[in-house]
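Computed from the coordinates by the stated procedures, all read-outs in this text should not be read as laboratory data. Because the structure is predicted, anything quoted here is derived from the model rather than measured. Quick reminder, even Gly has a Cβ in these numbers, built from the backbone with ideal geometry, and neighbours come from all protein chains shown.
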Ligand SMILES: Cc1ncc(COP(=O)(O)O)c(C=O)c1O
């Protein structure tokens, strides 16, 4: 018999989360998550899931029937798109301008497909001219995959133009909207996006661990006509959707849904709908402009050029001679403030300041600027 370990209950401090995610969670969302757990097939719970599906459709601006939340974080949303749609031997044009484009490549290769890479410099958006050249050079490509908002650099790519190119060359588009959803303009139906995934923990300011996903009718058609079964049982959308749709008023068990986490997502999306998507996009932009003015006063320089800068993810160069880790440690210890370190090629070179969801508000911007000024001095 192993001896029973004795620990106190875990009581985290209240941090101010201004990194690349998770972001500050709305108090209403935390309260929603603490409500009593009910059965995942309880009639009241499945009625809430119907509402949740329409809230996700609103956030994505889509009427897609195959819209739901994967019971796992953004990475599982990414994997859901690749394992369901891409079959072994198929060609996928993968745009890579940061960490998450590279992860798309790995997903493509793990399903036994061929990734054709379009590389863009870190900190720049995906270049539609280079994408069109790749589409022309690879008429047998079936998909175009790219990251709308690259969290590793803070660059926003032109999803509307890229999806129009995909359509023009007969490809389905697979779009990573983990950091973009709720923070910048995103219109799934209008832009013709075929498969999209996001995460609960960025601009939705929900608890981490869920991934909203949506497939267009063309993507659903591709899934239905697969020659091989989806190799992941858990992520197979044709099985999962039996739980997410009440066909004839009946839902069938696929896996035990994360009941309380879904309450949280329902509440965060309800708050987004109450604010209005366009108002939320504007609030992120307004707060970014206030932050930008303050950072520039401190002499800090952005990694991304203004035209393609994400309001919700501000990557700035660490000034010469400043100790990256020491600054972030002081911010955390003295101000309870978390900002993000650089990732991949920007590790040790940049900080990433998130203004996401509930975190995109004036008092956070003011605290961050004051804390940075004091610590840097
Ligand atoms: C653009 C992007 N894609 C995918 C992911 C993976 O999401 P998760 O960490 O929730 O699995 C992240 C996480 O930061 C991200 O920023």
Projected area averaged over orientations for region 119-189, convex hull of C-alpha atoms, nm²: 4.6 nm²
Between residue 367 and residue 332, what is 0.36 nm times their sequence separation minus the Cα-Cα distance? Round to one decimal in nm. 11.4 nm
Pull up the DSSP beta bridges for region 107-220 and report the antiparallel fraction as a percent, rounded to 5. 40 percent
Please report, in whole Å, how far the alpha carbons of region 27-273 spread along each principal axis, starting with the longest. 55, 39, 28
For region 131-264, the Kirkwood Rh over every pair of distinct alpha carbons, in Å, works out to 16.6 Å
Connecting every pair of Cα atoms under 10 Å apart in the chain and solving the GNM, the largest mean-square fluctuation among 342, 170, 21 falls on 170
Only bridges whose two residues both fall in the chain count here: according to DSSP, what percent of them are antiparallel, nearest 5? 50 percent
What does the highest-first list of 314-326, 260-272, 175-187 look like by mean Cβ count within 10 Å? 175-187, 260-272, 314-326
Which peptide among 109-119, 56-66 comes first, and what is the full order, when sorted by highest mean count of other Cβ atoms within 10 Å? 56-66, 109-119
Between region 133-153 and region 41-95, what's the alpha-carbon centroid distance in Å? 20 Å
If you project the alpha carbons of region 290-368 onto the principal axes, what extent comes out on each, in Å, largest first? 30, 27, 24
Quick one: Debye curve from the C-alpha atoms of region 1-155, no solvent, what's log10 I(q)/I(0) at q = 0.13, 0.16, 0.18, 0.19 Å⁻¹? -0.87, -1.09, -1.20, -1.25
Modelling each spin label as a point 7 Å along the Cα-to-Cβ direction, I'd like the residue 293/residue 225 distance in nm, to one decimal. 5.4 nm
Sort the following peptides by mean Cβ neighbour count (other Cβ atoms within 10 Å, averaged over residues), highest first: 199-207, 88-96. 199-207, 88-96
